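My questions will all concern the structure given below.
The values are calculated or read from the model by the stated rules, or taken from the named source; none is laboratory data. Just so you know, these numbers come straight off a predicted model, no measurement behind them. Note: ideal-geometry Cβ built from the backbone for every residue, glycine included; neighbour counts use all protein chains shown. Side chains are part of the model used for accessible areas, which takes the heavy atoms of the whole protein and leaves out ligands, DNA and RNA. Shrake-Rupley method; radii C 1.70, N 1.55, O 1.52, S 1.80 Å.
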Amino acid sequence: MQEYQVYGRTVILAASACESARLMLNSKSQRYPNGIGNSSGVVGKYLHDSTGADMGGILPQLFDRKRYNEDGVGGMHVYTPWWLDAKKDKLDFPRGYHIEYGGGFDMPLYGFNWGIEQLNGSYKVKGKQKEAGGYGASLKEDYRFFFGASIGMAGRGEGIAREDSYCEIDPDVVDKYGIPVLRFHTQWSDYEIKQAKHMKETFKEILTNMGAVITWGDDDGEHNNWGLHNPGNIIHEAGTVRMGSDPKRSALNKYSQSHDVKNLFCVDGGQFVSQADKNITWTILALSMRASEYIVDQMKKNNI
Amino acid sequence: MNRRDSLKALVVGGLAATTLVEACKQPAKENAAETATGNQPDQSDRMAEEKAYAKKLAAEPKFFTDHEMATITVLGDIIIPKDDISGSASDAKVPDFIEFIVKDMPNHQTPMKGGLRWLDLQCLNRYNNSFIDCSHTQQMEMVDEIAWPKKAKPEMRQGMAFFSLMRNLTATGFYTSQIGVKDIGYMGNTPNQWNGVPDDVLKQYGLSYNEKELKECISFDKKA
């Protein structure tokens, strides 16, 4: 393996929230003992992900559907944006979530038609009560009968960015290139757990009212944080190189430029102070465009 | 560009896509022919890492013995036999799929290998033969002990768990093959043929398109 050093007039980090923080925290020198651009000490802190919880079932009124050109239903077809902003004072959690839907004649993939024994003994197939499980021509009939009747709901919400949810350099462990890796200290607060509870109650209400039979995701409760996915599972990690107007409490200014090092920028999820319940990519693109225009402007003025 | 023009552009785009699909067919055919001869570069539309991974799996020694593969083949064809509509699990190369998937997902290895062993031990005790050497009647008698979760005797539970896994893997292998996709009637991803949900289906569920949708949505059989 060959080691290279590259010099640049401007350095723009777009390595993903945690990797950018890792690069900065590992870039220690006498001048920057806490890592480059980290005089505030916030780099690595305020790490947060979207929240997520899911539930699904089947719609008996859709059994034995006539086939036609349908590629399943997804977030492109049906989507529920957060609808309780006006009533947020009455909720026991501060931030919202949206709901994505799935189901229908989805393309068969790995896992397709698993667990047929939970369906084919519970519902009449073509008017006939069968025994759960089985094999043979009768089983093939069952697979056809139940295809296209599934429905799933996924809630994706806003988690709160907190100083005590963070990543830092692991003092003992390096990767295969010999570079120290991150270790993580993240956990949800009551806010996200209560939000997940609200998601589950909402999913159940909608599924039940549309006549669905819930087949998964309905056995959650306090014991497992209402099925709330672990931080990191929704892969919207952000907040580790946050921007702000106060250099003591943020690493970047509003142009994604380091307060401490004027030719250092970070344009990925790291710069987020908070994220709404939406996926973060579009905002990353918008912030990158603003940073790019600013860089061109500053270069023309010979400021960087 | 107004709305009408953009719809026209969509039609043109659709035609262009059809041409592209046609253009792509040729190398796919060549690829299939080369597959038959057994040594060809992987032309699938995958990332280099995926290709390297697929090659690595293919180069691994066989996980199942010939005897185990024969047992998987018999079981697979009991689960999904040929019927009026489609072929059997082995017609769809389900045993090859199972050999692949246990390498790709090693968590299936012990339950599969152990389950096959469990089945043979049961058959040796009952019929003094391994499963594949039993008569068809004996095989079906054995399968009936483990194929019906609610009726299975407590001492058959491990066999039942194995059969359920075998049924799941067979279903995935079969319905992700061309034979299975046709059988299940998955038509999605058929480009340039979308004219909305068919009328009789809408009627069946007491639904209909409104005038705005009918006016503004594209109709392919008239325009394309």
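Filter region A:192-217 for residues that are open to solvent by less than 70 Å² (accessible area, probe 1.4 Å) and under 12 Å from A:M153 (Cβ atoms) and give the result.
Those that are open to solvent by less than 70 Å² (accessible area, probe 1.4 Å) and under 12 Å from A:M153 (Cβ atoms): A:M199, A:K200, A:T202, A:F203, A:I206, A:L207, A:A212, A:I214, A:G217.
Find all pairs meeting these conditions: Cβ atoms under 8 angstrom apart; at least six residues apart or on different chains; first residue within region A:113-141 and over 16 Å from B:T170 (Cβ atoms) and facing another protein chain (nearest Cβ under 8 Å); second residue hydrophobic (A, V, I, L, M, F, W, C) and surrounded by 14 or more Cβ atoms within 10 Å (Cβ to Cβ).
These pairs meet every condition: A:G121/A:A132; A:E131/B:W148; A:A132/B:W148.
Return only the number of the condition from (1) more than 7 Å from chain A (Cβ to nearest Cβ); (2) open to solvent by 80 Å² or more (accessible area, probe 1.4 Å); (3) not in a helix (DSSP H, G or I) that B:W194 does not satisfy.
Unmet condition: (1).
From (1) open to solvent by 60 Å² or more (accessible area, probe 1.4 Å); (2) at pLDDT 95 or above; (3) closer than 30 Å to A:V73 by Cβ, pick out the condition that doesn't hold for A:G134.
(1)
Could you tell me whether region A:172-190 includes any residue that is among the acidic types (D, E), farther than 30 Å from B:D144 by Cα, touching a residue at least 60 places away in the same chain (Cβ under 8 Å) and assigned to a strand (DSSP E or B)?
Looking through region A:172-190, none of the residues is among the acidic types (D, E), farther than 30 Å from B:D144 by Cα, touching a residue at least 60 places away in the same chain (Cβ under 8 Å) and assigned to a strand (DSSP E or B).
Here's the yes/no breakdown for (1) under 24 Å from A:A137 (Cβ atoms); (2) within 11 Å of chain A (Cβ to nearest Cβ); (3) hydrophobic (A, V, I, L, M, F, W, C); (4) not in a helix (DSSP H, G or I):
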residue: B:F64; (1), (2), (3), (4): no, no, yes, yes
residue: B:L75; (1), (2), (3), (4): yes, yes, yes, no
residue: B:K82; (1), (2), (3), (4): yes, yes, no, yes
residue: B:S86; (1), (2), (3), (4): yes, yes, no, yes
residue: B:D91; (1), (2), (3), (4): yes, no, no, yes
residue: B:I101; (1), (2), (3), (4): no, yes, yes, no
residue: B:E145; (1), (2), (3), (4): yes, no, no, no
residue: B:L165; (1), (2), (3), (4): yes, yes, yes, no
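With the structure loaded, tell me whether A:H77 is within 14 Å of chain B (Cβ to nearest Cβ) and farther than 30 Å from B:D144 by Cα or whether it fails that test. Walk me through it before giving the result.
Working: within 14 Å of chain B (Cβ to nearest Cβ): yes; farther than 30 Å from B:D144 by Cα: yes.
Spelling it out, A:H77 is indeed within 14 Å of chain B (Cβ to nearest Cβ) and farther than 30 Å from B:D144 by Cα.
Consider A:K124 carefully, then state whether it is among the basic types (K, R) and touching an Asp or Glu at 6+ places or on another chain (Cβ under 9 Å). So that I can check it myself, show each step before the final result.
Values: among the basic types (K, R): yes; touching an Asp or Glu at 6+ places or on another chain (Cβ under 9 Å): no.
So A:K124 fails the test.
Return the only residue of A:Q257, A:Q275 being surrounded by 13 or more Cβ atoms within 10 Å (Cβ to Cβ) and within 24 Å of A:G157 (Cα to Cα).
None of the others qualify; the one that does is A:Q275.
Any idea how many residues of region A:63-74 are closer than 24 Å to A:D218 by Cβ and either open to solvent by 40 Å² or more (accessible area, probe 1.4 Å) or aromatic (F, W, Y) (or both)?
Selection size over region A:63-74: 2.
Another question, then. Return only the number of the condition from (1) over 25 Å from A:M107 (Cβ atoms); (2) open to solvent by 10 Å² or more (accessible area, probe 1.4 Å); (3) more than 10 Å from every other protein chain (Cβ to nearest Cβ) that A:R156 does not satisfy.
The failed condition is (1).
Here's the yes/no breakdown for (1) acidic (D, E); (2) away from chain A (no Cβ under 11 Å); (3) open to solvent by less than 10 Å² (accessible area, probe 1.4 Å):
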| site | (1), (2), (3) |
| --- | --- |
| B:S135 | no, yes, no |
| B:T172 | no, no, yes |
| B:G180 | no, no, yes |
| B:M187 | no, no, no |
| B:P198 | no, no, no |
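Which of the following residues is within 21 Å of A:L207 (Cα to Cα) and among the acidic types (D, E): A:E117, A:E100, A:E70? Spell out how you get there, then give the answer.
Details: A:E117 fails: within 21 Å of A:L207 (Cα to Cα); A:E70 fails: within 21 Å of A:L207 (Cα to Cα).
Unique residue meeting the criteria: A:E100.
On to the next question. Residues being open to solvent by less than 10 Å² (accessible area, probe 1.4 Å), within 21 Å of the chain's Cα centre (by Cα) and within 14 Å of chain B (Cβ to nearest Cβ): count how many of those fall in region A:84-111.
1
Can you report the number of residues in region A:220-254 which are open to solvent by 60 Å² or more (accessible area, probe 1.4 Å), within 24 Å of A:Y97 (Cα to Cα), over 19 Å from the mean Cα position of the chain (by Cα) and not acidic (D, E)?
1
Look at B:K215 and say whether it is outside any helix (DSSP H, G or I), more than 25 Å from A:D106 (Cβ to Cβ) and modelled with pLDDT under 95. Spell out the reasoning first.
Details: outside any helix (DSSP H, G or I): no; more than 25 Å from A:D106 (Cβ to Cβ): yes; modelled with pLDDT under 95: yes.
Taking the combined requirement at face value, the residue does not satisfy it.
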